[in-house]
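All remarks here apply to the structure that follows.
The values are calculated or read from the model by the stated rules, or taken from the named source; none is laboratory data. Here the structure is a predicted model, which means the values were calculated and not measured. Here the Cβ positions follow ideal geometry from the backbone for every residue, glycine too, while neighbour counts run over all protein chains shown.
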Amino acid sequence: MEKNDINGRFVEAINTLLKDKGLTKASIAQSLGIKPSKFSEILNGRMNVGTDTIALLCENFSFSAAWILLGKGNMLEIGELKGRSKRAIAVPKLPEFPMTSEGVCEMFISILRDRDERHKELCEEIGRLKEQIRQMTIEKEKHVSGASISSTANAG
């Protein structure tokens, strides 16, 4: 995790944003809360980017913090991208397989396995949430049944 590598990925992310016709260096700098002169220093490699600026870049424009900081995963978070001048969606990068019938089959099997794993994780999360709701309902019923009921209004 070299600082120069992080700065390089930050600049690469900014260059990706600059390809969007509605975004300029000044507008990106403003959205990151830094002055254009400081932004220029970072882009030219004369200043290191700070973690607060990286966090804002990730939050405002759907970049992956893991990619910027560690070089792992995809540059963009999968799904609808934030901060673009036009609606845009990032899709996961397909694994590279030879374009033979066997390679295509391997690719689809890999995609299906990933989808099945994600489905399993979501089902487990739904199960945990259902259990939390059940526990909260029981707790709520205890509080309601323990409350005293009075037919006389307190008018002070």
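In the stretch 29-52, which residues are in contact (Cβ under 8 Å) with a residue 24 or more places away in the chain, within 13 Å of residue 11 (Cα to Cα) and not in a loop (DSSP other than H, G, I, E, B)?
42, 43
Sort through 28, 78, 54, 68 and tell me the only one that's of a type in the set (A, V, I, L, M, F, W, C), over 17 Å from residue 6 (Cα atoms) and surrounded by 15 or more Cβ atoms within 10 Å (Cβ to Cβ).
Among 28, 78, 54, 68, only 28 is of a type in the set (A, V, I, L, M, F, W, C), over 17 Å from residue 6 (Cα atoms) and surrounded by 15 or more Cβ atoms within 10 Å (Cβ to Cβ).
Show the residue pairs that are 6+ apart or on different chains and have beta-carbon atoms under 7 Å apart, the first residue being within the stretch 1-19 and closer than 22 Å to residue 82 by Cβ, the second being among the aromatic types (Phe, Trp, Tyr) and in a helix (DSSP H, G or I).
What qualifies is 9/67; 17/61.
If you check 9, 87, which single one turns out to be closer than 28 Å to residue 115 by Cα, among the basic types (Lys, Arg) and out of contact with any Ser or Thr (no Cβ under 9 Å at 6 or more places or on another chain)?
The conditions single out 87.
Among the residues of the stretch 66-96 satisfying the criterion of being assigned to a loop (DSSP other than H, G, I, E, B), of a type in the set (Gly, Ala, Ser) and modelled with pLDDT under 85, which is nearest to residue 48 (Cα to Cα)?
83
Under 7 Å by Cβ, and 6 or more places apart or on different chains, what pairs join a residue from the stretch 79-90 that is more than 11 Å from residue 63 (Cα to Cα) with one that is modelled with pLDDT of 75 or more and of a type in the set (D, E, K, R)?
84/20; 85/20; 89/80
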